[in-house]
Amino acid sequence: METQIITIKKSEAYSDILDKLSKAGELIKQGGLVAFPTETVYGLGGDALNPEAAQKIYAAKGRPSDNPLIVHISELASLDKIVSAVPDKAKKLAQAFWPGPLTMIMNKSAVVPMQTTGGLDTVAVRLPSHPVAAEFIRLAGGYVAAPSANLSGKPSPTAAKYVIQDMKGRIDMILAADDYEGVIGLESTIVDMTVDIPAILRPGYVTQAMISRVIGETDIDVTIFDADSGKAPKAPGMKYRHYAPKGELVIVEGKPDDVASYINQQVRLHRVKGEKTGVIGTDTLVTKYDADIVKNAGSRDEPLIAASRLYTFLREFDDENVEFMYSEAFKNDGLEQAIMNRLLKAAGHKIIKV
Ligand code: TXA
Ligand code: MG
């Protein structure tokens, strides 16, 4: 399949941007697939109300079809048509965090095909804030099903070049728009609104504390941090080992100096065996690591920087053929909780306490 790659720049005339997005929207209406930017990661979009489009998405990603898709809308008024009812707490969260990086799960209405929801009676809905996403969704008919635009098993794409790497030849169009600010780099927070006490199924930029401030008590799915809980995650996609780098990743937790000396000791052992090493560290420690490649995740006081760089680091390590990777640990709180959750998944939950 020929994939059109269309670049959109903020500096372009509005009419030019609109022209490109109309063509992209038209492709969706005809049952095609278009990758588009959002404020979290790039999405791989298809018509959410067209069962064949959902099937094409699964095929393009190489993703199991029991893993439901998020339906993206461009205005709150679109919500009623796809859910059976909007719980009061969902209304409050929508008011507080939409448009933005929050996905809510509600009971679906009959218009949403089972192919889109992976056979579930519930539907995940998100109203993104990225201006290109909002306009594209509107021009595509208002309901765009979109998983992250990576091949299944790869980190979600935070830049157009990674979408092109994974999806060129597999979909109709890629909207490349990397010059918009404020991209978070980790997927949206997912909250299950179908239960009495809403539960976070995937942590993200919108934290548990932020949500609780609006609606009171909120749960968090235990399977997010505990690989041995014996329970199945409520978000089907969380059970897959996502974001897996080709090499082996281990998270190291402890006092900063202990972490640095443990990692350096490991690096020396790998070097004896001729193995290539990489480290993800924060700015006060990065100069201490002897690894072949060291990535700076920025200051611990600004976790947004680490969030925005994490998936790029994992992809770069693959390109650099790094065989053994170590990362400093992050806190199980606030935005760091989302970073730690993605790291744990990339590491297959391998964590060493020193
Ligand atoms: O930030 C994001 O959410 C990005 C952008 C493109 O919007 N999208 C994204 O989609 O991360 P995806 O498909 O990679 O992850 C969606 C997650 C999966 O783990 C899936 O199992 C879960 O949401 N999910 C979707 N619908 C669900 C439902 N009805 N019940 C429970 N989990 C659901
Ligand atoms: Mg994904």
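Considering only segment 266-290, how many residues are open to solvent by 20 Å² or more (accessible area, probe 1.4 Å), over 16 Å from ALA347 (Cβ atoms) and out of contact with any Lys or Arg (no Cβ under 9 Å at 6 or more places or on another chain)?
Count: 10.
Consider segment 198-211. How many of its residues are away from ligand 2 (no atom under 16 Å from the Cβ), touching a Ser or Thr at 6+ places or on another chain (Cβ under 7 Å) and in a loop (DSSP other than H, G, I, E, B)?
Summing the residues that are away from ligand 2 (no atom under 16 Å from the Cβ), touching a Ser or Thr at 6+ places or on another chain (Cβ under 7 Å) and in a loop (DSSP other than H, G, I, E, B) in segment 198-211 gives 2.
Within segment 109-193, which strands (runs of 3 or more DSSP E) (wholly inside it) include 3 or more residues that are within 16 Å of ligand 2 (Cβ to nearest atom), in contact with a strand residue (DSSP E or B) (Cβ under 8 Å, 6 or more places away or on another chain) and without any contact (Cβ under 8 Å) to a residue 40 or more places away in the chain?
On the way: elements: 122-126, 173-176, 189-192.
Hits in segment 109-193: none.
If you check ILE305, ILE339, ILE293, ILE263, which single one turns out to be farther than 30 Å from GLY119 by Cα, touching a residue at least 60 places away in the same chain (Cβ under 8 Å) and open to solvent by less than 70 Å² (accessible area, probe 1.4 Å)? Quick ask: steps written out before the conclusion?
Numbers: ILE305 fails: touching a residue at least 60 places away in the same chain (Cβ under 8 Å); ILE339 fails: farther than 30 Å from GLY119 by Cα; ILE293 fails: touching a residue at least 60 places away in the same chain (Cβ under 8 Å).
That would be ILE263, the only listed residue that is farther than 30 Å from GLY119 by Cα, touching a residue at least 60 places away in the same chain (Cβ under 8 Å) and open to solvent by less than 70 Å² (accessible area, probe 1.4 Å).
Restricting attention to segment 308-336, report how many residues are assigned to a loop (DSSP other than H, G, I, E, B), open to solvent by less than 30 Å² (accessible area, probe 1.4 Å) and over 20 Å from ASP258 (Cα atoms). Full working, then the answer.
The first filter runs over segment 308-336 and keeps only residues assigned to a loop (DSSP other than H, G, I, E, B), leaving 320-323, 329-333.
If we keep only those that are open to solvent by less than 30 Å² (accessible area, probe 1.4 Å) as well, we get 322, 329-330.
Add one more test, that the residue is over 20 Å from ASP258 (Cα atoms), and what stays is 322.
Selection size over segment 308-336: 1.
Which number in (1) on the phi > 0 side of the Ramachandran plot; (2) within 16 Å of ligand 2 (Cβ to nearest atom) marks the one condition that GLY230 misses?
The one condition GLY230 does not meet is (2).
If ASP292 satisfies all but one of (1) in contact with a Gly (Cβ under 7 Å, 6 or more places away or on another chain); (2) charged (D, E, K, R); (3) within 27 Å of VAL41 (Cα to Cα), what's the number of the condition it fails?
Condition (3) is where ASP292 drops out.
Give the residue that is nearest to ligand 1 (Cβ to nearest atom), with candidates limited to residues of segment 35-59 that are assigned to a helix (DSSP H, G or I) and of a type in the set (A, V, I, L, M). I'd like the intermediate steps shown before the answer.
Taking segment 35-59 and keeping what is assigned to a helix (DSSP H, G or I), we get 51-59.
Applying the additional criterion that residues be of a type in the set (A, V, I, L, M) yields 53-54, 57, 59.
Numbers: ALA53: 14, ALA54: 11, ILE57: 9, ALA59: 14 Å.
Result: ILE57.
The values are calculated or read from the model by the stated rules, or taken from the named source; none is laboratory data. What you see is a predicted model, and the numbers here were worked out from it, not measured in a lab. So basically every Cβ, Gly included, is an ideal-geometry build from the backbone, and we count neighbours across all protein chains shown. For accessibility, only protein heavy atoms count, side chains too; no ligands or nucleic acids. Shrake-Rupley method; radii C 1.70, N 1.55, O 1.52, S 1.80 Å.
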